[in-house]
1. So in region B:74-121, with the set limited to residues that are aromatic (Phe, Trp, Tyr) and more than 7 Å from chain A (Cβ to nearest Cβ), which one is surrounded by the most Cβ atoms within 10 Å (Cβ to Cβ)?
2. List the number of the failed condition for A:Glu182; all other conditions in (1) of a type in the set (D, E, K, R); (2) closer than 30 Å to A:Gly88 by Cβ; (3) part of a helix (DSSP H, G or I); (4) more than 14 Å from chain B (Cβ to nearest Cβ) hold.
3. Which condition does A:Ser222 not pass, out of (1) within 21 Å of the chain's Cα centre (by Cα); (2) modelled with pLDDT of 95 or more; (3) of a type outside the set (Val, Ile, Thr); (4) within 28 Å of B:Pro207 (Cβ to Cβ), if it passes all the others?
4. Limited to region B:29-54, what total is found for residues that are loosely packed, with under 14 Cβ neighbours inside 10 Å and more than 14 Å from every other protein chain (Cβ to nearest Cβ)?
5. Quick one: in region B:1-28, of everything that is among the small types (Gly, Ala, Ser) and within 14 Å of chain A (Cβ to nearest Cβ), which residue is surrounded by the most Cβ atoms within 10 Å (Cβ to Cβ)?
6. So which residues in region B:180-219 are more than 18 Å from B:Leu106 (Cβ to Cβ), within 14 Å of chain A (Cβ to nearest Cβ) and free of Cβ contacts under 8 Å to residues at least 40 places away in the same chain, if there are any at all?
7. Residues that are within 13 Å of chain B (Cβ to nearest Cβ): list the strands (runs of 3 or more DSSP E) wholly contained in region A:197-261 that include at least 3 such residues.
Amino acid sequence: MVNNHQMHTSRNRKWLAAFLCVASLSACQPTAEDGLKKGRTLYYFTWSDYVSPDLIAEFERQASAKVVVDTFSSNEELLAKLQGGATGYDVAAPSDFMVSIMVRQGLLAELALEKIPNATLLAERLQRLPFDPDNRYSIPYLWGTVGIGYDSNVISPPPESWTVLWDPRFKGRISMLNDQREVFGVALRVIGQSLNSRDPTVIGQAKAKLLSQKPLVKTYTSESYDQLLISGEVALAHGWGGAIARAMAERPSIKYVVPKEGGTIWADCLVVLKTSRNKDLAMRFINYLLDPVVAARTTNRLRFASSNRQAKALVDEQLRENPAVYPLDSTFDRLEWMADLGDAIRQYDRAWTELKMQ
Amino acid sequence: MGIFFFIPLLIVLAVSFASRGTDGGVEWTFSLTNYAHLADPLYFRIYGRSIALALATTALCLLLGFPLAYSIARAPIRWQGIWLLLVMIPFWTNFLVRTYAWMFILRTEGLMNTLLINLGVMTQPIELLYSDWAILIGLVYGYLPFMVLPLYAATERLDLSVVEAAWDLYATGWSVFWRVILPLTKPGVIAGCILVFIPSLGAFITPDLLGGAKTMMVGNLIQHEYLVMRDWPLGSAISFSLMALVLLAVMAYFKTDGRLDRLERGV
């Protein structure tokens, strides 16, 4: 009896050991360092849900190379991971203001523009952007606006102002981006300020505004708000146009508006990292992504507008006319680019932490 | 093991005394300001919340885990492996994926609300997702196996003849549990509580996904300092203080516990 008991105890110990092994496995995550094989491999660091798998496969065949995609969910996370010593990436997709910071940090390689002929096909509005006017380090790739996606069956009349996000009638049915610059951008525009304000008093006012909104907010998320809109869980979502356009396709009552106070215009850019070991392949990849046909297919799938001026004509007509994808001409004068704020960003950091802490 | 554990820890310690550059990054000027920042009243709410949630998680895991572990240990031997396997199977799926599954269960039009309404328990869906309750459910779900396994190991070794003797001596059910079973399984209870309390204190995925990123726990604060604020020195100072605190608490516990044991034995 005792023997039998011990035997089965040791068997159960084995179970315990097996359990620990599996548990520790599930904690591991592959990184770009993995699988640095002999063959040509391109490491692409981009936003989550921002690639079209069939296009990646097509490039892999064309260039007889392998593409490994790794993702981040905010510009801050991208920078933190690169500063943390994540080397091995070849191409990344930071937004406008982050390009300036990365240039200043010496993280980017100069582009060999002669290897990227498609860079000459940039839409007019995306040429000579202030953060990199000569495209020395970056080329705009996908671009758009930030606005409100709303369910027109619930929210009527159609909202014109950001203040609808402060309307107590919609308590618990509002989602905001989990992105400090974007969330503060909304509050700053509501109080009539630039979303690049560096004035501590103004930032304080914006924080107070956001604190008064917080009880109404269901969640701060940059990833799942399209799903929340589709399922009807939220009726108002602060978000990027493309993601809202994806929600529209699933639930036609969803509409998009860039409120009258104005908001962000953004462009995610393609850059080559200084530490890249495959710069030629990286340039070729960028040129491939900027090809008119490839760019149009990207827009059709991701519903973010391509920077290539020839691509628009090839995009599905429905998307071409969707203001969530291609902003209306009339909205442009109220859009603002985000600027690199230098040291003033600490004010936002602190205010954002305080907002989250209450 | 030592190398993989101590070298990163030393790096964290070193970074916690440095300062942050304008765009993030680490500047190697020695300062204690990061530790001074920890006393910022801004952070006390986070500490309080985290400890409260971690304690609640531990208590609930113990409440659910003890009967479960006890019944597994008392089950016929050939069944025990199967029950244990069932406890472990969730670990074969990534924690993130399982947390997403909970989002589907808890949302307004999700499984839980649909079920409760169809059963006639309530008429209106309740807002479960993105609340502290959702965080608590997620944490208890995630860490229950860490409670069950050490408790299983302890209850399985429990000598049943002692329990029988207690019954024979007309002990009530409560005092059998309180004065016989619990003291004999104490090492398992303590191991389980430590294994649940520490990771739930540092959890960050659950509060983000199930709590809607509206509030923070210490784990979120550390992740926030590292990945959003890019203030590695402050993040390191928080991590290091948290580790030191947990270590001290555990050591203090074992020390007093040893002393009490000796007292009881009259040494």
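1. Residue satisfying both the conditions and the ranking: B:Trp102.
2. (4)
3. Unmet condition: (2).
4. Counting residues in region B:29-54 that are loosely packed, with under 14 Cβ neighbours inside 10 Å and more than 14 Å from every other protein chain (Cβ to nearest Cβ) gives 7.
5. Within region B:1-28, the match that is surrounded by the most Cβ atoms within 10 Å (Cβ to Cβ) is B:Gly24.
6. Within region B:180-219, B:Phe204 is the sole residue that qualifies.
7. A:217-220
Residue-wise test of (1) touching a Leu at 6+ places or on another chain (Cβ under 8 Å); (2) surrounded by 23 or more Cβ atoms within 10 Å (Cβ to Cβ); (3) among the aliphatic types (A, V, I, L, M).
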| residue | (1), (2), (3) |
| --- | --- |
| A:Val103 | no, no, yes |
| A:Glu110 | no, no, no |
| A:Pro117 | no, no, no |
| A:Leu122 | no, no, yes |
| A:Asp132 | no, no, no |
| A:Tyr137 | yes, no, no |
| A:Ile155 | yes, no, yes |
| A:Glu160 | no, no, no |
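The values are calculated or read from the model by the stated rules, or taken from the named source; none is laboratory data. Because the structure is a prediction, the values reported are computed rather than measured. All Cβ positions, even for glycine, are placed from backbone atoms using ideal geometry, and neighbour counts span all protein chains on display.
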